[in-house]
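Worksheet for the structure shown next.
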Amino acid sequence: AIERTFSMIKPDATKRNLTGAIVKIFEENGLRVVASKRVWMSRRQAEGFYAVHKERPFFDELCDFMSSGPTVVQVLEGENAIAKNREVMGATNPADAAEGTIRKLYANSIGENSVHGSDAPETAAEEIAYWFAETEIVG
Ligand code: CMP
C-alpha cells in the first residue's frame, strides 16, 4: 500500500552538505518528498520528539546533538514507505549497516547517524503531526 513516513536528515549530515545526496537515495528508491523543511530545533523540541527515549542513558546526548544544528524534517510517500525507508537508511549503528545504505555511506556513529525514520504506522503518524500541519503536506 502507499504509505507516508517521517524522516529527518540530522545535523551531522546537514553540516556536511549531504541533504541532496540523501534525498537522491530516497528518490532512487521510490520515496517521494511530499513535505520538507529545514529547522534548527530547540532542546525542548528534541526532548518532546524523542520522549519515548527519556529513560535511556543516551537521551541527553541525543537531545544535545539534535539541537546542535539544522535538521531537515520531511514526509516521504511511496509503496511500503515505512519499511522501504528503514531499508535504505540501514541499521541504527553504522557499524552494522549494510553496504549501500545511507548510514553505511554517511553516518559517523550510532548517535551521529545522519538520518531518522519512523518504525511503524502509529509512530509515523505521530512524528508527522509533531512537525507538520496537514496543509504543509502536498502529495
Ligand atoms: P533514531 O532513529 O533517531 O532514534 C533514536 C536515536 O537515538 C537513534 O536514532 C540514535 O541516533 C540514538 N541512539 C541510539 N542508541 C544510542 C546510543 N547507544 N548512544 C547514543 N545515541 C544512540
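Table for the structure above
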{"item": "Distance between modelled label sites at Glu122 and Thr92, nm, 7 Å Cα→Cβ extension", "result": "1.8"}
{"item": "Restricting region 78-139 to GluC sites (Glu not before Pro) in coil, as DSSP defines it, with at most 15 other Cβ within 10 Å", "result": "Glu99"}
{"item": "Spread of Cα-to-Cα distances over 5 Å intervals beginning at zero, given as percent, for region 63-139", "result": "3, 15, 21, 23, 22, 12, 4, 0"}
{"item": "Rg/Rg_globular for region 26-98, with Rg_globular taken as 2.2 N^0.38 Å and Rg from C-alpha atoms", "result": "1.26"}
{"item": "Rounded if a/c under 1.5, otherwise prolate or oblate - the chain, Cα gyration tensor axes", "result": "rounded"}
{"item": "Part-to-part distance (alpha-carbon centres) for region 31-50 and region 66-135, which is given in Å", "result": "11"}
{"item": "Top of Ala124, Ala91, Ala51 by mean-square fluctuation, Gaussian network on the chain, Cα under 10 Å", "result": "Ala51"}
{"item": "GNM result for the chain, Cα springs below 10 Å: residue of Val88, Val75, Val39 fluctuating most strongly", "result": "Val39"}
{"item": "Net charge, Ala125 excluded, C-beta distance under 11 Å - Lys, Arg +1, Asp, Glu -1", "result": "-3"}
{"item": "Ranked Arg103, Arg44, criterion: other C-beta atoms within 10 Å, fewest first", "result": "Arg44, Arg103"}
{"item": "Computed FRET value (nearest 0.05) for Val52 with Ile2, which takes r as the C-beta separation and R₀ as 22 Å", "result": "0.25"}
{"item": "Longest segment of the chain lacking chymotrypsin sites (Phe, Trp or Tyr not before Pro) that sit in a DSSP loop with at most 14 other Cβ atoms within 10 Å", "result": "59-139"}
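Any read-out appearing in this document is the output of simple, stated calculations on the displayed coordinates, not a laboratory observation. In this text, all values refer to a predicted model and were calculated from it rather than measured experimentally. Quick reminder, even Gly has a Cβ in these numbers, built from the backbone with ideal geometry, and neighbours come from all protein chains shown.
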